[in-house]
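Following: one structure in structure tokens, then a few remarks.
The values are calculated or read from the model by the stated rules, or taken from the named source; none is laboratory data. Remember, predicted model here, so these are calculated numbers, not experimental data. Virtual Cβ from ideal backbone geometry, glycine too; neighbours counted across all protein chains shown. Surface areas here come from the heavy atoms of the whole protein model, side chains and all, with no ligands, DNA or RNA. Shrake-Rupley method; radii C 1.70, N 1.55, O 1.52, S 1.80 Å.
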Amino acid sequence: MVSSVHEGGAVDKMAGGSTTRSPRDLAFRILDQCLEERGKTDSSRGSIMDISDADVTTQIREDLAIPGRSPVDIDTLLDAARVVFKHGVRMDHPRFFGFIPSPASDASWLGEILNSAYNTHAGSWMQSSGPSAVEMQLLKWMASDIVGFPPPTAGGCFVSGGSMANLTALTVARDQKLPRFEDRPLAVIYLSQQTHSSVAKGLKVLGFHENQIRRVACDSSFRLDVGELQNAIAEDRKSNKIPFLVVGSCGTTNTGAIDPLTKLADLANKEGLWLHVDGAYGASALLSRSRRSLFEGLERCDSLSWDAHKWLFQTYGCGMVLVRDRKTLTSSFSVSAEYVQDAMETEETLPNFWNYGIELTRPARAMKLWFSLQLEGLDKIERDIEHGIRLAEVAEQALGDLPDWEVSSPAQLGILCFRYRPTQESEPADLDAVNQRISRTAIEENLAAPLTTRLKGALVLRICSIHPSLEEDEMRRVIRGLDRIARSQSLPASRNPSQV
Ligand SMILES: Cc1ncc(COP(=O)(O)O)c(C=O)c1O
């Protein structure tokens, strides 16, 4: 039951007659609760998913949400926070495998506290020359040393996440390739059937019509089929359309697939198209020296989205758009006004980041990433990323040891899709329903949360396994547990269920 924050004890009376606690007291009290929460073990952690029912939702809305006239004491407030935050999905639970989980590191949330306390306005050099210097250097390092863009021109901007990174890059692509406004209604954009939905959303925001978007078929490995792309471009040129942009992916959300980047770059180059690559999820694997060859050709794209709040273990609100030539960003987003004239840039090397993206006032998003990378070092990040990749491979191997499971898409960049598909006479009629039930039961039992997606029309289970503290044996145990659930729901009792 949730009790109202306004019931009794509204004003916290401190010894000595003060009615409020010092920021220092508050900080320790809050940190205490944060550390308690973050330090929970598997058994004290509670449900992986605890979505509030109608009663709890009503109570939260009616009793906890709206402020009263008097202050609420910190203990009551933190109790309320406990109730509110408890409800939802534990995206940071080691066995939450849905969407893109968020195994944010301690370094990240602590870095965020630091950043939030300094509360820098990172829009202009004048307002944040220190944090802006860090942001600029981090972006250059990522864009040139990690991705491989040419160092003299490479750059980018920190944004709130993958959707904003995509929107920012799509805007630049439009401005670079369609400078004449009258060409825009004829313009055509090429995505794959596996491109993340935020790209089409961004195109809609930019005013493109759905009929200007081609969703090119994928090959059997869910990678954009470049032959199909070539045909589609030729068709559009025949009907006097203006192809201008192709969006590839490195690490699709469904399967972790990496599009054939070199072929895409060749074709984009030949056809004069802007090549944007959505690496919101997968680009982090560039930091794995043993896997970075998977990304060959990426250095030839024009722009790249890369989220630190996915696989660089950051708390939410931290993504990057990286570009081959940072002048393309300023050419789209640079504005001036008399009320910001005192903060104008003096040299090109000292950026006002408000000229590199959509936001004017913006937090210094780079700082928590900077804090984490410095505190933990690149070797740890590399180990953690490789561990996530390996976990999906372990899950695939464990499935391979069991009969009646089909791998729908092999482990790639920490993502595996599979489904239960008995080959015996007892094969259930509705495999989609069976697999949906397996997912639901696993969640109800708190075994794990593999959610579902659709591949080639079939409902499949999907695991995104990027949590650094999930061990390989634990992953094997989860797979055996899914097998037990599958057999208990869909097979006659004569079948011997596997032990968990
Ligand atoms: C490949 C890909 N691109 C873009 C996005 C959107 O990113 P965000 O949710 O940070 O806006 C996601 C989100 O999961 C993604 O997986």
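Note on surface exposure: 276, 467 rank 467, 276 by accessible area, highest first, 1.4 Å probe. Farthest towards the positive end of the charge dipole of the chain, among the residues 104, 358, 117, is the Cα of 358, using unit charges on the Cβ of Lys, Arg, Asp and Glu. Charge dipole (Cα centre; +1 on Lys/Arg Cβ, -1 on Asp/Glu Cβ; no other charges) of the stretch 21-155 amounts to roughly 260 debye.
Taking every DSSP helix (H) stretch of at least 4 residues in the chain, weighting each as -39,500 (n - 2.57) and dividing the sum by the residue count yields a mean residue ellipticity at 222 nm of -12000 deg cm²/dmol. Listed by chain and number, the aspartates and glutamates whose alpha-carbon sits under 19 Å from that of residue 368, ignoring those within fewer than 8 places in the same chain, are 92, 106, 112, 135, 307, 359, 376, 379, 382, 384. The listed residues 93, 387 rank as 387, 93 when sorted by accessible area, largest first, using a 1.4 Å probe. Classified by the C-alpha gyration tensor, the stretch 121-375 has an oblate form. Its axis ratio a/c, with a ≥ b ≥ c, is 1.5 or above, and a/b does not exceed b/c.
Given axes a ≥ b ≥ c from the Cα gyration tensor, I'd like to know whether the stretch 190-283 is rounded (a/c under 1.5), prolate (a/b larger than b/c) or oblate.
oblate
If you roll a 1.4 Å probe over the chain with all protein chains in place, what percent of the accessible area is carbon or sulfur? Intermediate values should be presented prior to the final figure.
Working: 12050 of 23040 Å².
For the chain, the apolar C and S fraction of the accessible surface comes to 52 percent.
Loop-located GluC sites (Glu not before Pro) across the stretch 361-452 with a Cβ neighbour count of 14 or fewer within 10 Å are 425, 445, with loop assigned by DSSP.
Note on the chain: dipole from Cβ charges, positive end direction compared against 94, 133, 394; the farthest Cα belongs to 394. Placing dummy labels 7 Å off each Cα toward the beta-carbon, the span from residue 220 to residue 117 is 5.8 nm.
Compactness of the chain was expressed as the Cα radius of gyration divided by 2.2 N^0.38 Å, which yields 1.07.
Distance from the alpha carbon centroid of the stretch 43-59 to that of the stretch 251-284 works out to 39 angstrom.
Ranking 308, 77, 459 by how far each Cα lies toward the positive end of the dipole of the chain (charges on Cβ) leaves 459 at the top.
On full extension of the chain, what length is gained from residue 401 through residue 69, given 0.36 nm per residue of separation minus the C-alpha to C-alpha distance? Intermediate values should be presented prior to the final figure.
Values: separation 332, 0.36 × 332 = 119.52 nm, distance 6.26 nm.
Once the chain is fully extended between residue 401 and residue 69, it gains 113.3 nm.
Using Cα centres only, tell me the gap between the stretch 69-101 and the stretch 227-245 in whole Å. Value for the Cα centre distance between the two parts: 49 Å.
Once the 1.4 Å probe is applied to the protein heavy atoms, the chain comes out at 46 Å² accessible per residue. What you get for the stretch 247-372, charging only the Cβ of Lys and Arg (+1) and of Asp and Glu (-1), is a dipole of about 600 debye around the Cα centre.
Taking amide hydrogens as placed 1.01 Å from N in the peptide plane, the amide H of residue 52 sits under 5 Å from those of 88, each at least 5 positions away in sequence or on another chain. The phi-based Karplus calculation (6.51 cos²θ - 1.76 cosθ + 1.60; θ = phi - 60°) puts the 3J(HN,Hα) values of the stretch 471-479 at 8, 4, 5, 5, 5, 4, 5, 4, 5 Hz, whole numbers, x for Gly and Pro. Remark: accessible surface ordering of 473, 25 (largest first) is 473, 25, probe radius 1.4 Å.
Determine Rg/Rh for the stretch 380-490; Rg is computed over alpha-carbon atoms and Rh is the Kirkwood hydrodynamic estimate from the same atoms. Mind dumping the intermediate values first?
Values: Rg = 13.6 Å, Rh = 14.0 Å.
Checking Rg against Rh, the ratio lands at 0.97.
For the chain, the Cβ-based charge dipole about the Cα centre amounts to some 720 debye (Lys, Arg positive; Asp, Glu negative; other atoms uncharged).
Using alpha carbons only, how many angstrom separate the centre of the stretch 191-209 from the centre of the stretch 314-360? So the separation of the two Cα centres works out to 24 Å. Surface calculation, 1.4 Å probe, protein heavy atoms: residue 72 sits at approximately 40 Å² accessible.
Using DSSP, restrict attention to beta bridges with both residues in the chain and report what percent are antiparallel, rounded to the nearest 5. Display every interim value, and only then the final one.
Details: 28 of 45 bridges.
About 60 percent, rounded to the nearest 5.
Is the C-alpha gyration tensor of the stretch 398-454 telling us rounded, prolate or oblate? Criteria: a/c under 1.5 is rounded; beyond that, a/b larger than b/c is prolate, otherwise oblate. Write out the running numbers ahead of the final one.
Numbers: a/c = 1.66, a/b = 1.12, b/c = 1.49.
Because a/c hits 1.5 or more and a/b fails to exceed b/c, the stretch 398-454 counts as oblate.
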